[in-house]
Amino acid sequence: MASSARPATSSPSPLSLGPLIMGGAGFSYQLTTDPSSLPAASILSRAFSLGIRTIDTSPYYHPSEEILGAALSSPEITTTYSRSDYILMTKCGRLSSDKFDYSPSWIHASVARSLSRFQTSYLDVVFCHDVEYVSVPEAVGAVGALFELKKAGKVRYAGISGYDLDVLVDVAVKVRETYGMPVDVVQSWAQLTLQNTRLEKQGLGRLREAGVRAVCSSSPLACGLLRDGGVPVGALGDWHPAPEGLREKAKEAAEVVHGRGQKLAAVALRFAVRRAVENSRDGVEVATITGIGSLRDLEENVETARQVLGDGIRPEVWREERGVEHGNSVDRELEEKDELLFEQVRNVLGSWVDYDFSTKS
């Protein structure tokens, strides 16, 4: 890499990720059958040039870390960008679909492995992955290990991720009580989407009270549910948690949107980005993580997000203007049309609106 200088060990400045983050799960066997065939370096180079400078992944998204690490170390990236030009986020604690290790020793080992894969001396953010699958004390202890790694300069910000909002809040509250400092950032997936807005209704206020100042809303398409063609199926088969009834309604919604000359994926992404920006207030910044698995995905997602953000897609502009909050929507006519589409889609989804994937039914 062009530069892998270790960051200062003093407390870093407040975390600002920009409004749009590149998700790395698209380079995994969960979402594709041959992730190693993807042009990762070209995708990253184009993403950086378009203004996306934050990357999120996990060892669980095998082999995403290895692919992205090799790409970031390639001349296609290093001849133009230094390590300080982008933000690296990864995770720890989840080993497989049903195996977790939140022990402090493994947290340290996992971070060391990620540092090696990315060929860097520090990671900007590390999340404890899917905290709802372990006990609250285990999760709190793992965050404590990340705080130790912060002091050592190997991690800049410590976070937690998961689906269950109540568990995320419980862990955030207990971390602050235990260590006298808050979790830096929380990642919640598929909870601020056209199908489910529980994050803004039941999560953000409580996380703010727990001292959290940055929230990542991932899976704006509900892991591929809100798109034409149904949920994605990779080499690991159909793992999507949506019941058949919800899947059928999502397909029906896609047909309705198609009849209006739009694609459900684009409408859903505009909804998620807009709601994230609108909820970036009162000291909490909300960013959207969108999955990228090809140059076409990247171009389409950025073009869609720009319809909401304009130049605010670039982190430096976002920090100055905060996008929609300061009137930076570039297409008011589209915004008005979208509001009607949003309502139509949610009417089609009916009782499945705000359905919780963790519901046992």
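The values are calculated or read from the model by the stated rules, or taken from the named source; none is laboratory data. Being a predicted model, the structure only gives us computed values, none of them experimental. Here the Cβ is made from the backbone with ideal geometry for all residues, glycine too, and neighbour counts use every protein chain on show.
How many residues are under 21 Å from Arg314 (Cα atoms) and either in a helix (DSSP H, G or I) or in contact with a Cys (Cβ under 9 Å, 6 or more places away or on another chain) (or both) if we restrict to segment 25-53?
Residues that pass the stated criteria total 11.
Listed residues Ala276, Ala266; which is under 12 Å from Leu226 (Cβ atoms) and not polar (S, T, N, Q)?
Matching residue, one of Ala276, Ala266: Ala266.
From the residues in segment 75-107 that are at pLDDT 95 or above, in a loop (DSSP other than H, G, I, E, B) and surrounded by fewer than 16 Cβ atoms within 10 Å (Cβ to Cβ), which one is farthest from the chain's Cα centre (by Cα)?
Applying the filter and picking the extreme gives Thr79.
Give all pairs with beta carbons closer than 9 Å in which a residue from segment 170-183 that is free of Cβ contacts under 8 Å to residues at least 12 places away in the same chain meets a residue that is surrounded by 20 or more Cβ atoms within 10 Å (Cβ to Cβ); count only pairs at least 6 apart in sequence or on separate chains.
So the pair list comes out as Glu177/Val140.
Restricting to segment 187-198, give me the number of residues that are crowded, with 23+ Cβ neighbours inside 10 Å and touching a residue at least 40 places away in the same chain (Cβ under 8 Å).
The total comes to 6.
Taking only pairs six or more apart or across chains, which ones have beta-carbon atoms under 8 Å, a first residue in segment 331-352 that is assigned to a helix (DSSP H, G or I), and a second residue that is surrounded by 14 or more Cβ atoms within 10 Å (Cβ to Cβ) and among the hydroxyl-bearing types (Ser, Thr, Tyr)?
From segment 331-352, the pairs are Glu335/Ser329.
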